[in-house]
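Q: Handing you a structure now.
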Amino acid sequence: MAKDLGTFRKTYEKSDLDQAGLPGDPLELFQEWFHELEAAGGCGEPNAMTIATAGPDGYPKSRVVLLKEISDDGFVFFTNYESDKGRAIAANPRVCLSFYWPELERQVIVKGKAEKVAAEVSDRYFASRPRGSKLGALVSDQSRVIASREELDRKLEALDREYRDKPIHRPGYWGGYLVRPDAIEFWQGRPNRLHDRMRFGLQEDGKWIIERLAP
């Protein structure tokens with residue numbers, strides 16, 4: 001049965017975004033917004049972000065992953081390098097990240113290029129993961145077709161026994177990516193759908209230019 005969603009409406013009135021008060025570095029503004037979200041009580045997973053890649057089949061694909069580090073260079077997340085997203089990044093490193101924080105009526109959209117982080121960075125993060133998450137990385141041939149859930153559970157049980165008294169090291173096919181941004185757009189909801197949109201664009205000299213976009 002069709003459902004009419006045309007009456008779903010929300011007015012945005014919590015804040016505004018004034019170009020005059022913006023820092024020159026968009027990563028600084030991102031961290032400010034992230035801290036404001038935490039101070040406001042946050043949301044279920046404030047570091048959840050959608051990453052979109054261009055697949056070898058010509059279709060874009062987006063999925064939610066977790067941001068694990070914000071550095072002066074960009075945004076870091078971890079995954080299976082042999083997954084759909086890993087293979088897509090290997091073929092085309094241009095990606096788009098998006099964050100949606102409805103509690104503050106804000107979005108952030110990042111365009112940039114993904115590159116693998118150093119092995120020691122991936123090793124350090126993998127070592128910090130709970131034991132179950134480490135085993136999960138070994139169990140799953142991510143994005144591959146499997147016969148059943150039972151097959152997955154059997155593999156987990158077998159590895160649990162195998163590593164009961166042994167350390168679990170990071171597999172070579174699992175690790176982190178750093179997304180170095182070329183452009184970052186900050187979106188603040190405003191009344192009458194006339195939202196504030198500020199785009200930081202990276203110039204050839206390494207400096208950022210700030211432009212206001214029409215909502």
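Q: What's the long-distance tail for region 65-204, i.e. % of Cα pairs beyond 18 Å?
A: When all Cα pairs of region 65-204 are counted, 64 percent exceed 18 Å.
Q: Here is a follow-up. Rounding to the nearest 10 and keeping the result within 0 to 90°, find how far the Cα-based axis of helix 119-128 lies from the longest principal axis of the chain.
A: Orientation of helix 119-128: about 80 degrees from the principal axis.
Q: Please give the helix 26-39 orientation as an angle from the longest Cα principal axis of the chain, in degrees from 0 to 90, rounded to the nearest 10.
A: Tilt of helix 26-39: around 80 degrees.
Q: Where q = 0.19, 0.26, 0.27, 0.34 Å⁻¹, what log10 of I(q)/I(0) comes from the Debye formula for region 173-215, counting one point per Cα?
A: -0.66, -0.88, -0.91, -1.13
Q: What does the charge add up to near ASP123, with Lys and Arg as +1, Asp and Glu as -1, over the other residues with Cβ less than 15 Å from its Cβ?
A: Numbers: positive: LYS68, LYS116, ARG124, ARG129, LYS134, ARG170; negative: GLU69, GLU120.
Local net charge: +4.
Q: Now a separate question. Compute the angle between helix 149-162 and the longest alpha-carbon principal axis of the chain, please, reported from 0 to 90 degrees and rounded to the nearest 10.
A: Once rounded, one gets 70 degrees.
Q: Here is a further query. Relative contact order, percent, of the chain when contacts are C-alpha pairs under 8 Å separated by at least 6 residues?
A: Working: 349 pairs, mean separation 53.4, N = 215.
25 percent.
Q: Now for a separate question. Quick one: VAL95, VAL145, VAL65, fewest Cβ neighbours within 10 Å first, how do they rank?
A: Fewest to most other Cβ atoms nearby, the residues stand as VAL145, VAL65, VAL95.
Q: Could you work out which residue, out of ASP182, ASP84, ASP160, moves most in a Gaussian network model of the chain, that is, has the largest mean-square fluctuation with Cα springs under 10 Å?
A: ASP160
Q: Stokes-Einstein at 25 °C, 0.890 mPa s, Kirkwood radius from Cα pairs: D for region 40-105 in µm² s⁻¹? Intermediate values should be presented prior to the final figure.
A: Working: Rh = 13.0 Å.
Diffusion coefficient, whole number: 188 µm²/s.
Q: For an R0 of 30 angstrom, estimate the FRET efficiency from the Cβ-Cβ distance between SER128 and ASP153 and round to the nearest 0.05. Don't skip to the answer; put the middle values down first.
A: Values: r = 25 Å, r/R0 = 0.84.
Efficiency, rounded to the nearest 0.05: 0.75.
We did not get these values from a lab; they are worked out from the coordinates using the rules stated. Quick caveat: nothing in here was measured; it's all calculated off a predicted structure. Note: ideal-geometry Cβ built from the backbone for every residue, glycine included; neighbour counts use all protein chains shown.
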